[in-house]
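Please treat every number below as a calculation from the coordinates, not as lab data. This one's a predicted model, so the numbers in the text were calculated from it and none came from an experiment. Don't worry about glycine lacking a Cβ; one is built from the backbone with ideal geometry, like all the others, and counts go over all protein chains shown.
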Amino acid sequence: MRRRSLLIAVPTGLVTLAACGDEGADAGQAGDTASPTAAATSAAPSPKIVDGPLPAITAGTEFGQKPTVAKGSGDPSDQLAVKTVIAGGGRTVAENDYVVANYLGQIWATAKVFDNSYDRDAPIVIQLAQGSIIDGWRYALTGKKTGSRVEFSVPPTWGYGEQGNEEAGIAGDDTLVFVVDLQDTLNSKSSADGTEVPQDDAALPKVGTNTDGKAPSIEIPDADAPTELVANYVLEGDGPEVGAQDSLLVQYKGVLWDGGEEFDSTYARKQLASFSLQQVVKGWSQGLTGKKVGSRVLIVVPPDLGYGDNPPQGSDIRKDSTLVFSVDILAKM
């Protein structure tokens, strides 16, 4: 699997997509690099947000460039020092949003870089939720706008605590310095933003093209269900293509071909879903591989690529059901 720098748990509702009997990579597995992932839910009080001190960014000063950051001078603040280095004009980040960002993290006292996403040539996607990420990120980035570069220092109280992070070489008394380039923010009101593609086949379901964050309609035709997998663009995005080993952040809605009954939906739960393509039914893994981020995709899954005669217990999926999905690919994890 591609190196991943963070951990995001799979929402409970996604169990209806888990591939029965298949052993796949869990989207909740940690990668092999250090990260701002939280080790445990913090009980620390909210920090004060102060202006500094913060070390200078000496090179890579443009948004999206890998920064070089000087060693901290003197004692760092015992609170959260935050500076918007470049002010963006995009959407405002809210707590519990997923942010798409490039970042560099180093230790105040030594300027040792313990992790950065720039060298991986892939931004991270991480939720600003308690227990998902160190508290310093939640407090520093909430309220900032996409397109912004934010520098901040995180004392142990809102970082890795007294235990530090041995793997990353972070001691329990280390203050951390981060530079974060906020590319995007995603939440339960997010939609695909691609170009509309004609839906001309009258024998296939028609999916709504609204991009207002609400669940699209899915109209089932008066026709026999296809026996082969269907995976067609409804909205075609311009992001990177999805690989077979990738993990994704999506909005989706699933209905039964017979009767059009909805059996699962992130829109209804008001919670985005994240998962590895190695842990879902074959219809999803095959149907989404090669599609572009930013797209809405119609997927029609015949029983042999879905659940066949062994649907998940407690779900509304019946034996040998053909499943119909609208999937918005919001980001690669």
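The table below lists the values:
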read-out	value
Kirkwood hydrodynamic radius over Cα pairs of segment 274-333, then Stokes diffusion coefficient at 25 °C and 0.890 mPa s, in µm²/s	200
Neighbour-count ranking [beta-carbon atoms within 10 angstrom, fewest first] of 151, 196, 228, 262	228, 196, 262, 151
Evaluated over the chain, the Cα radius of gyration and Dmax, each in Å	21.6, 73
Positive-end extreme of charge dipole, the chain - chosen from 215, 124, 109 (charges on Cβ)	109
Extension reserve of the residue 310-residue 222 stretch, reckoned as 0.36 nm per residue once the Cα distance is removed	29.1 nm
Above-threshold pairs, the threshold being 21 Å between Cα atoms, out of 71/144; 253/291; 291/332; 206/319; 214/270	71/144; 206/319
Dipole moment magnitude, nearest 20 debye, segment 33-185 about Cα centre, only Lys, Arg, Asp, Glu C-beta charged	440
Fewest-first ranking of 174, 75, using other Cβ atoms within 10 Å as the exposure measure	75, 174
Approximate spin-label separation residue 270-residue 96, in nm, with each point projected 7 Å along Cα-to-Cβ	0.7
Derived scalar couplings ³J(HN,Hα) [segment 279-296; Karplus, 6.51 cos²θ - 1.76 cosθ + 1.60; whole Hz; x for Gly, Pro]	10, 10, 4, 4, x, 6, 4, 6, x, 8, 4, x, 7, 9, 4, x, 9, 10
Relative exposure of 98, 118, 267, judged by other C-beta atoms within 10 Å (fewest first)	118, 267, 98
Under 15 Å from the Cα of residue 189 - aspartates and glutamates, other chains or at least 8 residues apart	95, 97, 212, 328
